[in-house]
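*Asks:* If you scroll down you'll find the structure; I have some questions about it.
A short reminder: the numbers here are calculations on the coordinates, not readings from a lab. On a predicted model such as this, the values are computed, not experimentally measured, just so you know. Neighbour counts run over all protein chains shown; Cβ positions are idealised from the backbone, glycine included.
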Amino acid sequence: MLLAIDCGNTNTVFSIWDGEKFLFSLRTSTEYQRTADQYFVWWDTLTRHHGLVRPEITGVVISSTVPRVVFNLRVFTDRYFGIRPLVVGKPECLLPVGVRVDAGTQVGPDRLVNTVAGYDKYGGDLIIVDFGTATTFDVADKDGAYIGGVIAPGVNLSLEALHMAAAALPHVDITHPDHVIGTNTVACMQSGIFWGYVGLIKEISARIKQEHGRPMKVIGTGGLAPLFQSHAPVFDEFADELTMHGLVTIWAYNKEQGTV
Ligand SMILES: Nc1ncnc2c1ncn2[C@@H]1O[C@H](COP(=O)(O)OP(=O)(O)O)[C@@H](O)[C@H]1O
Ligand SMILES: CC(C)(COP(=O)(O)O)[C@@H](O)C(=O)NCCC(=O)O
Ligand SMILES: [K+]
């Protein structure tokens, strides 16, 4: 079985791929101090909870937006599975699509993985909007190459920033507000973030399409994508687990090429 690890700035997700489907996902907060042994205790407890006792892991693929956590993840997979992971962004990890950006740019591996997954599922000329710590727009060219995009502050990050910077603004959670005109502080903040984001997604997508000059499909992914899509359709499609799909695709490609 393949273990796919998607490490974002807020959460790290482990998913087990049995060759045909994902069996389940385990989610923990991203902390670079977490040791290999701590990962194992967590892993062993939760895989048993899902009915798998010491699953036989034969491959590991990692995408990490936090370079520092990769060290302990490598120790974890080496110590407990005897496996050297395939790490997206490292020279030994081949990608089935091109990357055409300014020389020297270190593109977030999550963005490359999303592009690979998007191209595999939908073909080229894509805008992939991923709601994580940051909200990213990844643009895939006609041939699937990653050609850049947009980085905007994440939804929760924006709410947190309001709370941190203004003494009278509480911590609030994102939701779909019934009205645009908020009649209390919380409703005003929720409206600002929700409708502000709807506007941001529409405007940025429209401008990307104009600049790209060819019809494009807009794909939404990440935990908060369904909230937007269900109340203010801003995507052509919602893709669940797009990053995980990309990790499996990259693993399969490297297997084909003989790099793993
Ligand atoms: N379904 C959801 N509902 C509400 N908040 C969510 C949901 N999914 C993720 N979040 C929040 O969105 C933020 C980004 O989470 P996540 O997608 O795990 O980011 P990353 O991939 O950057 O680690 C976090 O604050 C997380 O708690
Ligand atoms: C933009 C990001 C912070 C998004 O990370 P996430 O929201 O998934 O935690 C990450 O992709 C990153 O660190 N990128 C490096 C710069 C770039 O992609 O151009
Ligand atoms: K993101």
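*Asks:* Treat each spin label as a single point 7 Å out from the Cα along the C-beta direction, and report the residue 198 to residue 186 distance in nm.
*Replies:* Once both label points are built, they end up 2.1 nm from each other.
*Asks:* Figure the gain on full extension for residue 66 and residue 20 (residue separation times 0.36 nm, minus the Cα-Cα span) and round it to one decimal in nm.
*Replies:* Numbers: separation 46, 0.36 × 46 = 16.56 nm, distance 2.87 nm.
Fully extending the segment from residue 66 to residue 20 adds 13.7 nm.
*Asks:* Also: If you count, for each residue, the other Cβ atoms within 10 Å and average over each peptide, how do 220-226, 82-88 line up from highest to lowest? The partial results should precede the final answer.
*Replies:* Values: 220-226: 20.6, 82-88: 18.0.
Taking the mean over residues of other Cβ atoms within 10 Å, the ranking is 220-226, 82-88.
*Asks:* Return the calculated 222 nm mean residue ellipticity for the chain, to the nearest 500 deg cm²/dmol, obtained by summing -39500 (n - 2.57) across DSSP H runs with n ≥ 4 and dividing by the residue count.
*Replies:* Details: 7 runs with 103 residues, N = 260.
Helices in the chain give a 222 nm mean residue ellipticity of -13000 deg cm²/dmol.
*Asks:* How much net charge surrounds residue 64 when only the other residues with a Cβ under 13 Å from the Cβ of residue 64 are counted, with Lys and Arg +1 and Asp and Glu -1? Display every interim value, and only then the final one.
*Replies:* On the way: positive: 34, 68, 74, 90, 111; negative: 6, 31, 110.
Summing Lys/Arg as +1 and Asp/Glu as -1 gives +2.
*Asks:* If I model a spin label at residue 121 and residue 53 as a point 7 Å from the Cα along the Cα→Cβ vector, what separation in nanometres do I get?
*Replies:* It is 3.6 nm.
*Asks:* Next question. Can you say what percent of the DSSP beta bridges in the chain, counting only those with both residues inside, are antiparallel? Round to 5.
*Replies:* 60 percent
*Asks:* Segment 71-108 to segment 140-171: how many Å between their Cα centroids?
*Replies:* Comparing the Cα centres of segment 71-108 and segment 140-171, I get a distance of 24 Å.
*Asks:* Going Cα to Cα from residue 142, which lysines come in below 16 Å? Please leave out same-chain ones fewer than 8 positions away.
*Replies:* 121, 209, 217
*Asks:* As an exercise, use a Förster radius of 30 Å and the Cβ-Cβ distance of residue 166 and residue 31 to find the FRET efficiency, rounded to the nearest 0.05. It would help to have the intermediate numbers written out before the result.
*Replies:* On the way: r = 28 Å, r/R0 = 0.95.
Approximately 0.60, to the nearest 0.05.
*Asks:* After finding the eigenvalues of the alpha carbon gyration tensor for the chain, what semi-axes result from the square roots of 5 times each, listed largest first in whole Å? Intermediate values should be presented prior to the final figure.
*Replies:* On the way: eigenvalues 206, 117, 50 Å².
So the equivalent ellipsoid measures 32, 24, 16 Å along its semi-axes.
*Asks:* Restrict the search to segment 72-151; then list the chymotrypsin sites (Phe, Trp or Tyr not before Pro) that DSSP places in a loop and that have at most 10 other Cβ atoms within 10 Å of their Cβ. Can you show the working numbers first?
*Replies:* Values: sites: 76, 80, 81, 119, 122, 131, 137, 146; in loops: none.
Loop-located and lightly packed - none at all.
*Asks:* How much length is gained on full extension from residue 103 to residue 227, taking 0.36 nm per residue of separation minus their Cα-Cα distance? Walk me through the numbers on the way to the answer.
*Replies:* Working: separation 124, 0.36 × 124 = 44.64 nm, distance 3.65 nm.
Fully extending the segment from residue 103 to residue 227 adds 41.0 nm.
*Asks:* Another one. Say a paramagnetic label sat at a point 7 Å from the Cα of residue 236, along Cα to Cβ; which residues of segment 139-174 have their backbone N under 16 Å from it?
*Replies:* Answer for segment 139-174: 139-145.
*Asks:* Compute the distance from the alpha-carbon center of segment 1-39 to that of segment 188-260, in whole Å.
*Replies:* 21 Å
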